[in-house]
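See below for the structure under consideration.
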Amino acid sequence: MNKDKNKLQENLLFIAWAASVIAMLGSLFFSEVQKFEPCELCWYQRILMYPMVLILVIAIVKKDFRISFYTMFLSAVGAVISLYHYSIQKVPFMADNAVSCGRIPCTGQYINWLGFVTIPFLALIAFVIIFICSLFIWRFCKGEESK
């Protein structure tokens, strides 16, 4: 049973890492290939996402499941920023009352797939995936400590 739990934790770590890598590569594709200049909120999301690629790969190699607490925290903060960013893009009241975001407006939408998928939405999905994986890993670790 313990072996199955460790394998599940390893798989969850890998899923979280894969989500962070895809998010990082996606943001680099949009900025470096498509030449979409990131707004200020996009930079904050990147600041939270990019280190998780390294943190999670180290956790995978060392099989250190305790790192999940830190990735859970980083992804929660990132999700809040992404949700706010998405809401100022899609909710008229929020857009009208959004603070100035710098040279590139945070209300701008470089992509709008299917009428709702924007870059902050993609980041939000990645942060949520990482958060959920980290939460499950953390709960497994807490269960092991109490035994």
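A compact table of results
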| read-out | value |
| --- | --- |
| Rounded tilt (10° steps) of 40-62 against the dominant C-alpha axis of the chain | 20 |
| Reachable lysines from LYS62, criterion Cα separation under 23 angstrom, eight or more residues apart if same chain | LYS3, LYS5, LYS7, LYS142, LYS147 |
| Rounded tilt (10° steps) of 2-28 against the dominant C-alpha axis of the chain | 20 |
| Listed residue (MET72, PRO38, VAL91) projecting farthest to the positive dipole end of segment 2-146, Cβ model | MET72 |
| Using a Förster distance of 30 Å, the FRET efficiency for ASP64-ILE125 (Cβ separation, nearest 0.05) | 0.75 |
| Stretch gain in nm, segment ALA18-VAL99, where the contour uses 0.36 nm per residue and the Cα spacing is subtracted | 25.8 nm |
| Pairwise label distance in nanometres, ASP4 with ARG139, each label 7 Å out on the Cα-Cβ vector | 1.7 |
| Residues LEU54 and GLU32, FRET efficiency given R0 of 25 Å [Cβ-Cβ distance, rounded to 0.05] | 0.85 |
| Assigned charges on the beta-carbon of Lys, Arg, Asp, Glu; segment 2-146 dipole about Cα centre (debye) | 320 |
| Estimated 222 nm signal from helices in the chain, with DSSP H stretches of n ≥ 4 weighted -39500 (n - 2.57), rounded to 500 | -25000 deg cm²/dmol |
| Cα gyration tensor shape of segment 2-146, rounded if a/c is under 1.5, else prolate or oblate by comparing a/b with b/c | prolate |
| Convex hull of Cα atoms in segment 23-85, direction-averaged projection (nm²) | 4.4 |
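Every read-out reported here was derived from the displayed coordinates using simple, explicitly stated rules and does not represent laboratory data. Small disclaimer: the values here were computed from a predicted structure and weren't measured. All Cβ positions, glycine included, derive from the backbone under ideal geometry; neighbour counts span all protein chains shown.
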